[in-house]
1. Limited to the stretch 23-67, what total is found for residues that are of a type in the set (Phe, Trp, Tyr) and free of Cβ contacts under 8 Å to residues at least 12 places away in the same chain?
2. Please specify each residue of the stretch 58-90 satisfying the condition of being polar (S, T, N, Q) and not in a loop (DSSP other than H, G, I, E, B).
3. Looking at ILE86, ILE81, which one is of a type in the set (A, V, I, L, M) and touching a strand residue (DSSP E or B) at 6+ places or on another chain (Cβ under 9 Å)?
4. Looking only at residues in the stretch 42-57 that are touching a strand residue (DSSP E or B) at 6+ places or on another chain (Cβ under 8 Å) and open to solvent by 40 Å² or more (accessible area, probe 1.4 Å), which one is farthest from PHE73 (Cα to Cα)?
5. Looking only at the stretch 65-99, which residues are loosely packed, with under 14 Cβ neighbours inside 10 Å and under 21 Å from GLU37 (Cα atoms)?
Amino acid sequence: MLQKIRERTYLIRGSPNTLLYEYYDKVFVIDPGSELERGKTITNEVAQNFNDKKIEVLLTHSHSDHVAALATFSKDVVPYISEQEISSLIDIKTRKALTYSSSTPSSI
């Protein structure tokens, strides 16, 4: 499942593809994706291939297909995202409005 693409840079295919970057005592996971078991899969790959290095998750943006797998990681994994994207990361209604545009309520 883990494919080396450059020195210290690895790929896990999916939707979207996930990059792993090994840096000293950490492995940076970039856009973990949305698959149900993705966090467990990534955690197992890190354990097997990187001697259980600490996982840090970097999110390029807060679209659901990039962030939904966060819920499948252990609670000690903290995501990093730009300040502008924080509100949509923590609030699904905001994320849906920004992703799909907002709609007018039918009562109007």
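The values are calculated or read from the model by the stated rules, or taken from the named source; none is laboratory data. In this text, all values refer to a predicted model and were calculated from it rather than measured experimentally. With ideal geometry, Cβ positions are generated from the backbone for all residues, glycine too; neighbour counts draw on all protein chains shown. Heads up: the accessible areas ignore ligands, DNA and RNA and are worked out on the full protein's heavy atoms, side chains in. Shrake-Rupley method; radii C 1.70, N 1.55, O 1.52, S 1.80 Å.
1. Qualifying residue count, the stretch 23-67: 1.
2. SER64, THR72, GLN84, SER87, SER88
3. ILE81
4. Applying the filter and picking the extreme gives ASN49.
5. Matches in the stretch 65-99: ALA71, SER74, LYS75, ASP76, VAL78, TYR80, ILE90, ILE92.
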